[in-house]
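The values are calculated or read from the model by the stated rules, or taken from the named source; none is laboratory data. The structure presented is a predicted model; accordingly, all values stated were derived computationally and were not measured. Cβ placement follows ideal geometry from the backbone for every residue including glycine, while neighbour counts extend to all protein chains displayed.
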Amino acid sequence: MSTTTRAALGFALLAASAVHADVVVPNSAAGVEADGTFALTATAAAGRTFQLTIAASQLSGLVGQQIVGLQWRLNGAAAAAWPPANVSFSSWDVFIGPGVAPSSMSNTFASNFSGAATQVRSGGWSVDAGSFTFGSAPNAFGPTLDFTSPYLYTGGDLTVEMRFSAQTGSTTTPSFDAVLASGGPANGWGADFAARWTGNAAGTTGSNGNFLATNFVVPSPSVLALLGLSMAFAGRRAR
């Protein structure tokens with residue numbers, strides 16, 4: 001991809017992060033807090049791998065939409081905003097693709113994709129101090145983990161995999177809102193969604209993890225038009 005094309009896409013995705021339609025998974029957590037927490041990040045040198053599987057029934061509002069990023073929120077019990085100081089990750093890669101049913105999710109990460117996975121994000125991520133706010137139940141979703149390439153969701157069960165480096169800049173890790181794995185399947189874990197994680201960014205297998213309440217960022221029609229114009233402009237500049 002040329003520098004001009006990347007710049008155009010980046011501009012459009014930046015706009016998309018500001019204007020979007022929310023699709024929260026689990027759907028039941030769209031306006032209420034989930035029943036648990038998960039500390040997604042870590043300062044351990046090996047980093048982490050975190051994988052989500054989601055049933056198609058949770059994603060009906062995304063069919064035919066371009067997913068451009070993910071958001072999470074602090075658990076309602078949080079007593080302070082996070083992070084207390086700027087934090088950064090030298091790498092945070094995201095892969096999305098057709099997935100197995102959550103009830104069939106295994107501990108082997110590769111086995112939880114039923115088709116080819118697409119890398120939608122690469123590169124580092126920085127989070128400014130206080131970006132994740134507190135004081136509500138549920139709390140507001142924090143900053144968007146923007147994709148470098150949109151993902152067109154056409155239906156079916158979905159798997160999202162993140163591989164990221166150690167957190168630097170603050171040793172305090174976030175307690176994000178999540179659904180307890182131990183509460184499944186009554187709370188939906190293991191039926192409508194499931195998660196696995198391991199303390200290694202290059203891990204091949206993991207164990208049960210609480211499912212993060214996740215907002216899938218979808219641009220509004222006006223932003224999609226902007227994306228098309230930006231890509232068309234980049235195409236003309238490239239010729």
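Observations on the model:
- Looking only at segment 119-128, residues that are buried (at least 17 other Cβ atoms within 10 Å of the Cβ) and closer than 15 Å to VAL68 by Cβ come to 3 in all.
- Taking every residue in segment 168-186 that is assigned by TED's automatic domain parsing to the domain that holds ASP35 and pairing it with any residue that is of a type in the set (Ser, Thr, Tyr) and surrounded by 18 or more Cβ atoms within 10 Å (Cβ to Cβ), at least 6 positions away or on another chain, the pairs with Cβ-Cβ distances below 6 Å are THR173/THR41; SER175/THR37; ALA178/THR37.
- Under the condition of being buried (at least 19 other Cβ atoms within 10 Å of the Cβ) and part of a loop (DSSP other than H, G, I, E, B), the residues counted in segment 97-116 number 1.
- Subset tally (residues that are farther than 22 Å from TRP92 by Cα, among the hydrophobic types (A, V, I, L, M, F, W, C), surrounded by fewer than 20 Cβ atoms within 10 Å (Cβ to Cβ) and at pLDDT 95 or above) for segment 185-239: 2
- Selected residue (criterion: surrounded by the most Cβ atoms within 10 Å (Cβ to Cβ)) from residues of segment 134-150 that are part of a loop (DSSP other than H, G, I, E, B) and in contact with a strand residue (DSSP E or B) (Cβ under 7 Å, 6 or more places away or on another chain): ASN139
- If you go through segment 168-222 and keep only what is part of a strand (DSSP E or B), closer than 21 Å to ILE96 by Cα and among the hydroxyl-bearing types (Ser, Thr, Tyr), you end up with THR198, THR205, SER207, THR214.
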